[in-house]
Amino acid sequence: TVKVMDEQAFCGCKKLARVELLCEDLEHIKEQSFLDCRSLESIEVPSTVKSIGDGAFYQCGKLMDVKLSEGLQEIGLMAFVQCESLEQVSIPSTVIKFGAASFGYCKALTKVVLCEGLEKIGKCAFMECKSLKKIRIPTSMKSVEVGTFVGCSALSVVILCEGLKAIGSQAFMNCESLRCIRTPSTLLILGGQAFANCTALKRVKLSEGLEHILNGTFQDCSSLKRIVVPSTVKVIGVEAFNRCTALAKVEFC
């Protein structure tokens, strides 16, 4: 009959290895409920749960398996930050948004599934997830926020779907394995340093419709050899292609 797991309910239970949430009416797992439960290995969130609070599973270093059920609507900021053993996560289609740094520093995270229906990912949501290899941004998302995938050094495949309008500053900065990128026709803004220091980036396809390439967007992309600037571009910011040492050809349509 429990409806709410209150703030810091099991915070700092460092030997807690197993949790079963059998509550048929549980709706909210609140802030820092399982903060620093360093022995917790798995968690299955029931379909009745609507929200996971800020820092709910912060620093659960052995948490390998997280099952999020359809019905979940919101994941708080830093909810799973520094869950260094977490290998994969699927965000249910019922989740509309999740907060800043929700999965930051999850160093073992290799696979993330973002379902249609998701509208917003907070700043730095997957920062320094150094094992993440592929991501698809669903059509329901209008923007990729500041630093969302900064430091995801293994990220080699990024699929940006139609509907996306803006990529925030430093969104894919230091994604050193990213080799190619293609922007959708709906994209209007490439933020400052959005792809800075993507040293393996060789191919960039900028679609008609793009209006702003902001400061340092492709700075230090040392493998980029050619770029075609669409006719719709109104602004190319300061140092947008600074230190692109292999860049040999620039075409303006």
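If I go through segment 1-52 residue by residue, how many of them are of a type in the set (Ser, Thr, Tyr) and open to solvent by 90 Å² or more (accessible area, probe 1.4 Å)?
So the answer is 1.
What is the number of the single condition among (1) touching a residue at least 24 places away in the same chain (Cβ under 8 Å); (2) over 26 Å from residue 165 (Cα atoms) that residue 86 does not meet?
Status for residue 86: all satisfied but (1).
Would you say residue 60 is under 21 Å from residue 173 (Cα atoms) and either in contact with a helix residue (DSSP H, G or I) (Cβ under 8 Å, 6 or more places away or on another chain) or open to solvent by less than 70 Å² (accessible area, probe 1.4 Å) (or both)?
No.
Residues in segment 63-96 that are over 15 Å from residue 30 (Cα atoms), open to solvent by 10 Å² or more (accessible area, probe 1.4 Å) and not in a strand (DSSP E or B): how many?
Matching residues across segment 63-96 total 10.
Within the set of pairs 6+ apart or on separate chains, which have a first residue in segment 232-250 that is over 10 Å from residue 218 (Cα atoms) and of a type in the set (Ser, Thr, Tyr), a second that is open to solvent by less than 40 Å² (accessible area, probe 1.4 Å) and in a loop (DSSP other than H, G, I, E, B), and C-beta atoms under 7 Å apart?
232/209; 232/210
How many of the residues in segment 170-187 are within 13 Å of the chain's Cα centre (by Cα) and either of a type in the set (Ser, Thr, Tyr) or at negative phi (or both)?
Going through segment 170-187 one residue at a time, the tally reaches 4.
Wholly within segment 154-216, which strands (runs of 3 or more DSSP E) include no fewer than the required count, namely at least 2 residues that are of a type outside the set (D, E, K, R) and within 22 Å of residue 108 (Cα to Cα)?
157-160
Any idea how many residues of segment 94-114 are closer than 19 Å to residue 162 by Cα and at pLDDT 95 or above?
Selection size over segment 94-114: 2.
The values are calculated or read from the model by the stated rules, or taken from the named source; none is laboratory data. From a predicted model like this one, the values you see are computed outputs, not experimental measurements. Quick reminder, even Gly has a Cβ in these numbers, built from the backbone with ideal geometry, and neighbours come from all protein chains shown. Protein only, heavy atoms only, side chains kept; ligands, DNA and RNA dropped before computing areas. Shrake-Rupley method; radii C 1.70, N 1.55, O 1.52, S 1.80 Å.
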